[in-house]
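Structure first, commentary second.
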Amino acid sequence: MIAFAEAVAAGAAGARLPPFPEALRHVWDDFAALRPTRLVGLATQQITWAEINAYAEAVPGGLPYWQKSLIRRLDDAYEAAMPGRLSSKPKPTNVAEIRASLRAAIKAREAKAAAEALKESTS
């Protein structure tokens, strides 16, 4: 199922798709129902556990943990296989890296604002 999600995300044609595991069709349908929740503005985010749990409460009978976990894994695989995603910078993995990343983003934003202010004052 993960290989199928990766192939779909990469835009593989029907002949190049791995066989679909029909026994897990219901999991794929749940994943497809949750995919629109990923959109945040013009960017996509991962499907959160909160969204999966809310969805599980809304469907008759709920979802077992293994199915929720598979939906998360499908989402991660799908996102990673999207064209142009593999070349992106790796995400920070610890607090020090997150802080450094945030500091760099703040400095870049401040520099951009200063440049725009300078441009407006000289116009």
All but one of (1) among the charged types (D, E, K, R); (2) surrounded by 11 or more Cβ atoms within 10 Å (Cβ to Cβ); (3) at pLDDT below 85 hold for Lys68, so report the exception by its number.
(3)
When you scan the stretch 74-90, how many residues do you find that are open to solvent by 30 Å² or more (accessible area, probe 1.4 Å) and either over 20 Å from Thr37 (Cβ atoms) or at pLDDT 90 or above (or both)?
7
Is it the case, given these coordinates, that Gln46 is outside any helix (DSSP H, G or I) and either surrounded by 13 or more Cβ atoms within 10 Å (Cβ to Cβ) or modelled with pLDDT under 90 (or both)?
yes
Residues of the stretch 91-123 that turn out to be at pLDDT below 85 and either among the β-branched types (Val, Ile, Thr) or in a loop (DSSP other than H, G, I, E, B) (or both), as a count
8
Does Leu39 meet the test of being modelled with pLDDT of 85 or more and not β-branched (Val, Ile, Thr)?
no
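The values are calculated or read from the model by the stated rules, or taken from the named source; none is laboratory data. None of these values were measured; they are calculated from a predicted model. Methodologically, a virtual Cβ is constructed for each residue, glycine included, from the backbone with ideal geometry; neighbour enumeration extends over all protein chains shown. Side chains are part of the model used for accessible areas, which takes the heavy atoms of the whole protein and leaves out ligands, DNA and RNA. Shrake-Rupley method; radii C 1.70, N 1.55, O 1.52, S 1.80 Å.
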